[in-house]
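As structure tokens, the structure follows; a few thoughts come after it.
Coordinate-derived values only; no laboratory data. No experiment lies behind these values; they were computed from the predicted model shown. Backbone-built Cβ (ideal geometry, glycine too); neighbour counts: all protein chains shown.
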Amino acid sequence: MNAARKLALGATVLALTVGGVVAVSSASAEPSRARQAAAVTTAWAKVAANGQVLGGQGITGINRFGIGRYNITTSSGLNGCALLGTVNTNGGNDPGPGSSSILVGQVNGNTLFIRTATPSQPGSAAVDSDRPFSINVVC
């Protein structure tokens with residue numbers, strides 16, 4: 001029992017002992033804490049290198065508009081959400097060896113821009129490359 005509750009209980013006992021009246025309140029002596037909703041995944045997708053959606057939820061469209069460049073439209077807003085992405089082997093073979101990267105950004109209220117690249121690709125190939133990837137939107 002904390003000190004505030006002990007003090008309130010002691011005051012009540014004293015008031016009742018000397019014939020006083022006790023007013024009861026439903027207010028808590030504990031400080032209130034704001035409740036924050038837990039973050040949830042509002043959209044996710046597994047996408048092949050050619051832009052085909054292999055699985056997902058909350059995705060309303062995808063547009064591959066250049067080598068390693070994609071726009072993905074979601075059914076809900078993206079403001080204040082975490083945008084996560086990873087390059088992987090969804091629906092295809094890894095062109096490996098070498099490193100790969102993914103950039104995920106917000107274009108507007110419900111559209112993501114995805115850029116995949118293979119910076120260490122041998123030869124004269126462009127850095128941008130079609131790579132299979134997964135994205136996750138957490139709000």
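Please give me the summed charge of the neighbours of Phe65: other residues whose Cβ is under 13 Å from its Cβ, Lys and Arg +1, Asp and Glu -1.
Working: positive: Arg64, Arg69, Arg115; negative: Asp128, Asp130.
Net of charged neighbours comes to +1.
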| field | Formal net charge of residues neighbouring Asp128 (Cβ-Cβ distance under 11 Å; K, R +1; D, E -1) | value | +2
| note | Between Val138 and Phe113, the two model label points (7 Å from Cα along the beta-carbon direction) sit apart by a distance in nm of 2.4 nm
| task | Apply the Karplus parameterisation 6.51 cos²θ - 1.76 cosθ + 1.60, with θ equal to phi minus 60°, to every residue of region 43-60 and state each ³J(HN,Hα) to the nearest whole Hz, in sequence, with x for glycine and proline. | result | 7, 8, 7, 10, 10, 6, 4, 7, x, 6, 7, 8, x, x, 8, x, 9, 9
